[in-house]
Each structure stands twice: as C-alpha cells, then as structure tokens.
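Down below is the structure, laid out as structure tokens.
The values are calculated or read from the model by the stated rules, or taken from the named source; none is laboratory data. For clarity, every value in this text was computed on a predicted model and none was experimentally measured. Every residue, glycine as well, gets a Cβ built from its backbone with ideal geometry; the counts of neighbours run over all protein chains shown. The accessibility values were calculated without ligands, DNA or RNA, using every heavy atom of the protein model including side chains. Shrake-Rupley method; radii C 1.70, N 1.55, O 1.52, S 1.80 Å.
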Amino acid sequence: MPIIQLLRATNPPTPEAVHINSGAVLFVEATTEHQVGQTLIQVFGQTEQGIRVVESLQHVLEALPGSFGAYRHYHAGAPPEGESVVHIYEHNIASITPNTPHDPVFWTITFKDQFALRVMAPLPLGL
C-alpha cells in the first residue's frame, strides 16, 4: 500500500508532515469547525484519537480512493452542526452487526484492530 504525506493539524499551527500507510486507514471524516484541522483520519491501532490534518476532506479522499460513505450514528443525537458522513475503507473491516431493535436501526462496524464505529442504516449495497 502506498504511503501518503499530509500536514498534521496542530494548535498553534506548525509545518509538521505526517506519513500514512494508506492500507492502515479505517475511515476519514471532515472535522467540525470547533476542531483543529479540516479532516480526521482514523488509522489501524489508534484507538484514542485519529490524525487531524490541514488538507480538505476532498483532497484526502482523492489521495485515498476506494471508500464508501455512511452517516455516523450518535446515541445522544446528532451534534448541532449536523450528522457526519464517514468514509470507510472496507479492507480493514472485521465484522458488521445490526443493533436491533433500536429505532432508527444502526450498525456497528468493528475493524480488525477492534475499533468500533456506529453508522446509520441502511448500509451501502454490497456490505
């Protein structure tokens, strides 16, 4: 898998490069206006915080093709800025299970490193 180079988002801003193995990416999403950086990249083995970068979500998705989009599920309801679309890379998915009988139905995606992400139903075709 190719290594991509982006600029880590820091506060205060510094020109710090970060090199990411594209095969280790679980998902990416745009950050909210209250967070540092423009895009969050969750990689294999980082269970606490993802990597925040200054590049736009569109730029990151172009550098990391092959994802599918799904709306993130929030137990406490969507944040004021709205639901977030997460762009998920299926090569790192271990399992997908429905969380029924909840309404609305959501799915829990568990990745190979045991990181879990909840997304709204329906799942994209093919999963």
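A straight chain from Glu16 to Tyr71 at 0.36 nm per residue would run longer than the Cα-Cα distance by 16.8 nm. Please work out the FRET efficiency for the pair Val105 and Ala63, using the Cβ-Cβ distance as r and a Förster radius of 30 Å; give the result to the nearest 0.05. E(calc), rounded to 0.05, equals 0.35. Placing dummy labels 7 Å off each Cα toward the beta-carbon, the span from Ser95 to Arg118 is 1.8 nm. Ordered from highest to lowest accessible area with the whole protein assembly present and a 1.4 Å probe, Leu6, Leu125 read as Leu125, Leu6. Entry comment: accessible area of the chain is 57 Å² per residue, from protein heavy atoms only and a probe of 1.4 Å. The alpha carbons of segment 1-54 occupy a box of 30, 20, 16 Å along the principal axes, longest dimension given first. The share of accessible area on segment 82-127 that comes from carbon and sulfur is 55 percent, using a 1.4 angstrom probe. Computed per residue of the chain from DSSP H runs no shorter than four, each worth -39500 (n - 2.57), the mean residue ellipticity at 222 nm is -1500 deg cm²/dmol.
The structure-derived value of Cα Rg over 2.2 N^0.38 Å appears in the list (1) 1.29; (2) 1.06; (3) 2.46 under the label (2). The largest accessible area among Glu55, Glu48, Glu83 belongs to the first residue in Glu48, Glu83, Glu55, and the rest follow in falling order (1.4 Å probe, all chains). Under a model in which nothing but the beta-carbon of Lys, Arg (+1) and Asp, Glu (-1) is charged, the chain shows a dipole of about 200 debye around its Cα centre.
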